[in-house]
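Read the structure below first, then the notes.
The values are calculated or read from the model by the stated rules, or taken from the named source; none is laboratory data. All figures in this text were calculated on a predicted structure; none of them were measured in a lab. All Cβ positions, even for glycine, are placed from backbone atoms using ideal geometry, and neighbour counts span all protein chains on display.
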Amino acid sequence: MDKLAAKIYLTGKILELGKTLIYKTEIVAKGKAGAEKFKQVYEGFWDKLEELLEKEKSIDRKWIPDFAEEIGEEVLTEVLKEARKTFDLKVILQQIFDEEKAGNKNIL
């Protein structure tokens, strides 16, 4: 897996996890204020993403040779470290929330 493919894949995972956590928090913490819910999604986000990626890495895909899987996993780990430093997670999560709310005002 080259670095560009890893970045695209990781970006998709960030957006997917962000949406999932926003909706989950909205359902579980319905009575809380918006700032509290945002904090709940924001805190530990990178650790949750890393945990998700580790679960995916542990899957042995029989049709992919082990050496190819290991190279892809190394690149993915490197890109995740880079993303943690580069991305402004608060802005990303706010944009996801705004986009989902604009799509259906009754949900969020």
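Checking each residue in the stretch 7-29 for being basic (Lys, Arg) and over 15 Å from Phe97 (Cα atoms) picks out Lys7, Lys13.
Of all residues in the stretch 29-50, those that are surrounded by 11 or more Cβ atoms within 10 Å (Cβ to Cβ) and either closer than 30 Å to Asp2 by Cα or of a type in the set (Val, Ile, Thr) (or both) total 8. Yes or no: the stretch 55-76 includes at least one residue that is under 13 Å from Leu89 (Cβ atoms), without any contact (Cβ under 8 Å) to a residue 12 or more places away in the chain and either surrounded by 10 or more Cβ atoms within 10 Å (Cβ to Cβ) or not polar (S, T, N, Q) (or both). For the stretch 55-76, residues under 13 Å from Leu89 (Cβ atoms), without any contact (Cβ under 8 Å) to a residue 12 or more places away in the chain and either surrounded by 10 or more Cβ atoms within 10 Å (Cβ to Cβ) or not polar (S, T, N, Q) (or both): absent. Taking the listed residues Ile27, Ile22, the one that is in contact with a helix residue (DSSP H, G or I) (Cβ under 8 Å, 6 or more places away or on another chain) and not hydroxyl-bearing (Ser, Thr, Tyr) is Ile22, with no other qualifying. Restricted to helices (runs of 4 or more DSSP H) entirely inside the chain, those with at least 2 residues that are among the charged types (D, E, K, R) and at pLDDT below 80 are 66-86. Take the stretch 77-106 and flag every residue that is surrounded by fewer than 11 Cβ atoms within 10 Å (Cβ to Cβ) and β-branched (Val, Ile, Thr). Selection gives Thr86, Val91. In a residue-by-residue description of the stretch 90-107, the property of being over 15 Å from Lys13 (Cα atoms), within 14 Å of the chain's Cα centre (by Cα) and of a type in the set (Val, Ile, Thr) applies to at least one position. Test Glu16 against the stated conditions and say whether it is out of contact with any Lys or Arg (no Cβ under 6 Å at 6 or more places or on another chain) and surrounded by fewer than 12 Cβ atoms within 10 Å (Cβ to Cβ). It is false that Glu16 is out of contact with any Lys or Arg (no Cβ under 6 Å at 6 or more places or on another chain) and surrounded by fewer than 12 Cβ atoms within 10 Å (Cβ to Cβ).
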